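The values are calculated or read from the model by the stated rules, or taken from the named source; none is laboratory data. Quick caveat, the model's predicted, so the values are computed rather than measured. Reconstructed Cβ throughout: ideal geometry from the backbone, glycine too, with neighbour counts over all protein chains shown. Just the protein is used for accessible areas: all its heavy atoms, side chains included, with ligands, DNA and RNA removed. Shrake-Rupley method; radii C 1.70, N 1.55, O 1.52, S 1.80 Å.
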Amino acid sequence: MADILPTTTEKSILPGIFDGAQPLTSVGKDIPLDREILNNVPALIHIRDQQTGAILWCNAAWERLLNLPSEQIVARSSEILKNMIHPDDAHLLRLSNEYYQNKNMQHFGGVIRARFPEGQGWHWMVGISSVIRTDAGGVPLETLAVFLDFTEIIHTESQIREALRDALSWRYSDILGKITKRERQVIRLLVKGLNNEQIAGKLFISHHTVESHRKNIRIKLNVKNTSELISLVKDIGI
């Protein structure tokens, strides 16, 4: 771990995470938060360089999953992540970097699809990362991420659906307040399957104005296309 120890100009938010300097205290016992514990957690845990996107350290769950030693995983992390993550979700790695660098955030979470060696189909992974080291100016240098595969081990399906609905409503509550009345009208007509010309006729505006509204809506809701927009709207309700 010498390669990621902080320099005198860096700030480690979780000092001693691997050397036992941060014990967990429970029922009068001190339990070191060290490699042994992290290696036995049933989740993929890694430290990521926020400047390059490379993995600097990973726990034994990565080794078991990929059947590779951690040294190879670290050395080939960019290639491994590219091959492992669903093409439609790959942009989320870049998005996390942008959030950390530009929005002064300490945490970033989400859901991605991943495919593993000798596995069938895509697995859904829920993860969250937190900044563990910054430079002298507070810019995140490294994050600690935890990802859990919930494709086959979740036994509370109805609660997952309800939790997702509530989480999305909460997540977009501020953004929904910024959607104008006209944009809401455009959204509702898009959900009904109308195209730009049909929406323009319904609202008595030009199709160029409709396209402008659609662009603004996509930016506000952070979606790439109409399919994502419609799916999100159905989930959060507008």
## Note on the structure
If you go through GLY137, GLY109, the only one that is without any contact (Cβ under 8 Å) to a residue 60 or more places away in the chain and farther than 16 Å from ASP89 by Cβ is GLY137
### Selection status of TRP57, at pLDDT 50 or above, under 18 Å from THR143 (Cβ atoms) and assigned to a helix (DSSP H, G or I)
no
#### Entry: Subset of the range 103-147 (residues that are open to solvent by less than 60 Å² (accessible area, probe 1.4 Å) and outside any strand (DSSP E or B))
MET105, PHE116, GLY119, GLY121, ASP135, GLY138, VAL139
